[in-house]
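Here the structure comes first, spelled out in structure tokens, and everything after it is commentary.
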Amino acid sequence: MLDLATGKVHDETRQGEAFAPFANDVNQHNKKFYIESYGCQMNFSDSEIVASILQEEGFGATRNYEEADLILLNTCSIREKAEQTVRKRLTEFRKIKEANPGMLVGVLGCMAERLKSKFLEEEKLVDIVVGPDAYRTLPVLIEEAETGQKAVNVLLSREETYADISPVRLDSNGVTAFVSIMRGCNNMCSFCVVPFTRGRERSRDAYSIVAEAQSLFDCGYKEVTLLGQNVDSYYWMDEANDEIVTFGKLLEKVALVSSTLRVRFSTSHPKDITDEVLHTMAKHENICNYIHLPLQSGSTRVLQLMNRTYTREWYIAKVNRIREIIPDCGISSDVIAGFCTETEEDHADTLSMMQSSAYDMSYMFFYSERPGTLAAKRYKDDVPEDVKKRRLKEIVELQNKLSYESNSKDVGKTFKVLIEGNSKKSEADWMGRSSQNKVIVFPKADYGYKKGDYAFVQVTDFTQATLIGEVVKK
Ligand code: SAH
Ligand code: SF4
Ligand code: F3S
């Protein structure tokens, strides 16, 4: 597996940073591409597939867009702000394009899919528009664009999973990697644009997933995160063995690659996460005790309008079940403030659910109406912006308190930590994560650990976002 490019993901959803790739030496065309990703880990993972497709064609990667022949933005449509960020970024490329008219600009991903060829009219600078299921056609589209035509392919597919493509790892720390296990979403949450931008749900061949995890492990990786919009609905028929591979079974297969390879996954839908998955997690030490279980709203009435198909009581029962089967499980959430018709009472229900679920962490947003979604068609976006923002502020403040409380309970406890690299603040400290996905920083001292090693670390102190500890045994 190639491990030659370093990238950055601008993570609007997951609140990360912006990433851009390194130069590499496989460059038969003497042409270079630069790729930037926005949105969720799925998009980041797709950029690794795109990089692989371009490299097969002999393109080299560069992390300096000024020397690129092809600039690609892998875009997100999840909230209006995500699209604004991309548009702003495009204007920054205008000058470079003026200075170098031969340079091509391509827009990939969800915003490309949503706007289709309209994108070309709206953003004159864009030469290529490619949707998430059409990346195999990029080389042809580039050729087309090189002749001065505008090139578009936004066809969605019912089958494409890029199963056979071995992704080039972008921005790799060499320790953790993402493996896409399915694409699309069939859920139709009324606020969400994803079913429209990513199409129907389809699961990737289980063998190719296990092979990718194995190959990562062989290259020294110590953690894989299995990605899907709704991993619990993973379903693949293994014709050869006449076996239905559910998500629980897939998790087990990946966990069996090696007991020293950690396995994580995201995202779980409260309506679909099964006892089979929870028992599989409990059975294998290397499947991390961490579940991202988006709540969205704590009010059953709002959940119904959101088409989430569970109630407040169902969600509480799921959290209880998780804590029963995996007592030390970390749980995080996504919460939306100010969805259509949300009252103060509904908002209070969200706060009380957050409190009772005692999330370790949450991603919190105010509702942003997306054109074409069920909510945009059916309901009025009637919560005033100042009210949305005030509610979001209350949600964020509560989560800060919950994160602080959760961290304070870890003081004195010892965690097995996978070392991901130097701490941001000091090269004298390591940064790693516990099984529960909490970041732990601790002095390297003279224990002789390296990146990718496991260390047992006792927590001595904490901030709202980070645990601080010391190695207890080698
Ligand atoms: N598949 C995942 C979520 C994908 S999108 C799941 O079902 O949980 C990530 C998060 O963005 C969602 O969980 C939701 O909280 C938020 N989100 C999606 N659409 C949104 C919108 N229109 N406005 C505000 N937040 C939104
Ligand atoms: Fe969107 Fe719902 Fe699908 Fe998640 S499960 S991607 S929120 S439609
Ligand atoms: Fe954004 Fe598409 Fe992901 S809309 S959140 S990049 S699936």
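Considering only region 224-263, how many residues are open to solvent by 10 Å² or more (accessible area, probe 1.4 Å) and away from ligand 1 (no atom under 16 Å from the Cβ)?
Number of matching residues: 19.
Rundown of residues vs (1) in a loop (DSSP other than H, G, I, E, B); (2) open to solvent by 20 Å² or more (accessible area, probe 1.4 Å), yes/no style:
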| site | (1), (2) |
| --- | --- |
| Pro371 | yes, yes |
| Ala375 | no, no |
| Val387 | no, yes |
| Lys393 | no, yes |
| Glu405 | no, yes |
| Phe415 | no, yes |
| Glu420 | no, yes |
| Lys425 | yes, yes |
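So, in region 319-341, exactly how many residues are touching a strand residue (DSSP E or B) at 6+ places or on another chain (Cβ under 9 Å) and either within 21 Å of Lys271 (Cβ to Cβ) or touching a residue at least 60 places away in the same chain (Cβ under 8 Å) (or both)? Give the derivation first.
Just the residues of region 319-341 that are touching a strand residue (DSSP E or B) at 6+ places or on another chain (Cβ under 9 Å), to begin with: 319, 322-323, 326, 329-339.
Still in the list and also either within 21 Å of Lys271 (Cβ to Cβ) or touching a residue at least 60 places away in the same chain (Cβ under 8 Å) (or both): 319, 322-323, 326, 329-336, 339.
Number satisfying all stated conditions: 13.
Need the failing condition index for Arg94 against (1) out of contact with any strand residue (DSSP E or B) (no Cβ under 7 Å at 6 or more places or on another chain); (2) within 10 Å of ligand 3 (Cβ to nearest atom), just the number.
It is condition (2) that Arg94 fails.
In region 441-469, which residues are buried (at least 16 other Cβ atoms within 10 Å of the Cβ) and of a type in the set (Asp, Glu)?
Answer for region 441-469, where residues must be buried (at least 16 other Cβ atoms within 10 Å of the Cβ) and of a type in the set (Asp, Glu): just Asp453.
Where in region 96-156 are there strands (runs of 3 or more DSSP E), lying wholly inside it, with at least 1 residues that are free of Cβ contacts under 8 Å to residues at least 24 places away in the same chain?
none
Every residue in region 107-123 that is within 16 Å of ligand 3 (Cβ to nearest atom) and over 20 Å from Gly184 (Cβ atoms), please.
As a first pass, look at region 107-123 and keep what is within 16 Å of ligand 3 (Cβ to nearest atom): 107-116, 119.
The one that is within 16 Å of ligand 3 (Cβ to nearest atom) and over 20 Å from Gly184 (Cβ atoms): Phe119.
Of the residues that sit in region 195-210 and are open to solvent by less than 20 Å² (accessible area, probe 1.4 Å) and either farther than 16 Å from Phe265 by Cβ or in a loop (DSSP other than H, G, I, E, B) (or both), which one is nearest to ligand 2 (Cβ to nearest atom)?
Pro195
Where residues in region 59-84 are open to solvent by 10 Å² or more (accessible area, probe 1.4 Å) and over 27 Å from Lys31 (Cβ atoms), which of them is farthest from ligand 1 (Cβ to nearest atom)?
Gln84
Each row is one residue, and each column tells you yes or no for (1) assigned to a loop (DSSP other than H, G, I, E, B); (2) more than 16 Å from ligand 2 (Cβ to nearest atom).
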residue: Leu251; (1), (2): no, yes
residue: Phe265; (1), (2): no, no
residue: His269; (1), (2): yes, no
residue: Ile273; (1), (2): yes, no
residue: Met281; (1), (2): no, yes
residue: Ile291; (1), (2): no, no
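Would you point out which residue out of Val277, Val254, Val245 is assigned by TED's automatic domain parsing to the domain that holds Asp205, over 22 Å from the mean Cα position of the chain (by Cα) and among the aliphatic types (A, V, I, L, M)? Lay out the reasoning, then the answer.
Numbers: Val277 fails: over 22 Å from the mean Cα position of the chain (by Cα); Val254 fails: over 22 Å from the mean Cα position of the chain (by Cα).
Result of the check over Val277, Val254, Val245: Val245.
Please identify the pairs in which a residue from region 287-307 that is within 16 Å of ligand 3 (Cβ to nearest atom) has its Cβ atom under 9 Å from the Cβ atom of a residue that is open to solvent by less than 10 Å² (accessible area, probe 1.4 Å) and part of a helix (DSSP H, G or I), counting only partners at least 6 apart or on another chain.
Listed pairs, sorted by first residue: Gln296/Val302; Gln296/Leu303; Gln296/Thr350.
Among the residues of region 327-334, is any assigned to a loop (DSSP other than H, G, I, E, B) and touching a Lys or Arg at 6+ places or on another chain (Cβ under 8 Å)? First the steps, then the outcome.
Taking region 327-334 as the starting set, the residues that turn out to be assigned to a loop (DSSP other than H, G, I, E, B) are 327-329.
Pick out the ones that are also touching a Lys or Arg at 6+ places or on another chain (Cβ under 8 Å) and you get 329.
Yes, because at least one residue in region 327-334 is assigned to a loop (DSSP other than H, G, I, E, B) and touching a Lys or Arg at 6+ places or on another chain (Cβ under 8 Å).
The values are calculated or read from the model by the stated rules, or taken from the named source; none is laboratory data. The model shown is predicted, which means the values in this text are computed figures rather than measured ones. Cβ coordinates were reconstructed from backbone atoms using ideal geometry, including for glycine residues, and neighbour counts include every protein chain displayed. Only protein heavy atoms, including side chains, enter the accessible area calculation; ligands, DNA and RNA are left aside. Shrake-Rupley method; radii C 1.70, N 1.55, O 1.52, S 1.80 Å.
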